[in-house]
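Below you'll find the structure, written out as structure tokens, and then a few comments.
The values are calculated or read from the model by the stated rules, or taken from the named source; none is laboratory data. Remember, it's a predicted structure, so these values are computed and weren't measured experimentally. As a convention, Cβ positions derive from the backbone with ideal geometry for all residues, glycine included, and neighbour counts pool all protein chains shown. Keep in mind that these areas ignore ligands, DNA and RNA; they rest on the heavy atoms of the full protein, side chains included. Shrake-Rupley method; radii C 1.70, N 1.55, O 1.52, S 1.80 Å.
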Amino acid sequence: MSENLLLFGPPGVGKGTQAQRLSSVFQIQHIATGDMLRAAIQSYTPLGQRAKSFIDKGQLVPDDLVLDLLGERLQHPDTRRGFLLDGFPRTVPQAAELDRMLKSYGKTLDRVIVLDAPEEELVKRISGRRTCESCQASYHVVARPPRVAGFCDRCGGVLSQRSDDSEEIIRNRLREFSAKTKPVIDYFVTHDWPVRMIDAAGNMDQIFGRIYASILLS
Ligand code: ADP
């Protein structure tokens, strides 16, 4: 049996943290466009160089770049057991393209999980976020500190703050979310995608419990 999931929500709502846990529980591929873009930037690919100027300003990367990057990813054999999309789609045209790709690959989504939390909570979560430079694992200075300050529990890599996690850039990312990404929820609903709205207030275990229940209960 495969499990194809989509995790949707504003920056800072905890998609990455929940996605790591869900993909390990269900043994499915975690596909995060943000991580793919940062990897492209680190490897100095032409696509990464173009994407960087948008990410640094807190703007969405143009659809054609993201779609080029995602390309055939969903067709890769490693997604046979399932996949978890995190941070994609972020615009209505990306949602329409995902719809087209899934149909052409003969795949469907089992759940679209929409996470939501108040804006001030999002800013707090993002400003305390620290990410492992090697394996991208995510921590929070208060809510989820690493065992040894500054280093990743999983691989021992150095933890740092993402360059787009400063307060001014966070506000831009939240504006982009309201203007361009939130309307994607209407697309999901009008196209009968299996949407579940989840309250993302509370601690990580509580949120995980709500998501897990929404996947298992039909
Ligand atoms: P967050 O969800 O906390 O904003 P991500 O790692 O998902 O973090 O995204 C970081 C940045 O990468 C976004 O602000 C945006 O510039 C870019 N990005 C990621 N995914 C997409 C996408 N699907 N479409 C456009 N831009 C994207």
Go through (1) closer than 19 Å to residue 200 by Cβ; (2) open to solvent by less than 40 Å² (accessible area, probe 1.4 Å); (3) modelled with pLDDT under 95; (4) not small (Gly, Ala, Ser) for residue 74 and report which single condition fails.
(1)
Considering region 14-25 alone, what residues qualify as being touching a helix residue (DSSP H, G or I) at 6+ places or on another chain (Cβ under 8 Å) and more than 15 Å from residue 131 (Cα to Cα)?
21, 22, 25
Closer than 18 Å to residue 5 by Cα and open to solvent by 30 Å² or more (accessible area, probe 1.4 Å), is that true of residue 158?
no
If you scan region 3-45, which residues turn out to be touching a residue at least 12 places away in the same chain (Cβ under 8 Å), open to solvent by 50 Å² or more (accessible area, probe 1.4 Å) and not in a helix (DSSP H, G or I)?
27, 29, 30
If you go through region 22-55 one residue at a time, how many are modelled with pLDDT of 95 or more and charged (D, E, K, R)?
2
Is it the case that residue 117 is over 29 Å from residue 188 (Cα atoms) and in contact with a helix residue (DSSP H, G or I) (Cβ under 9 Å, 6 or more places away or on another chain)?
no
Kindly check whether there is at least one residue in region 74-86 that is among the hydroxyl-bearing types (Ser, Thr, Tyr), within 27 Å of residue 211 (Cβ to Cβ) and more than 12 Å from the ligand (Cβ to nearest atom).
yes
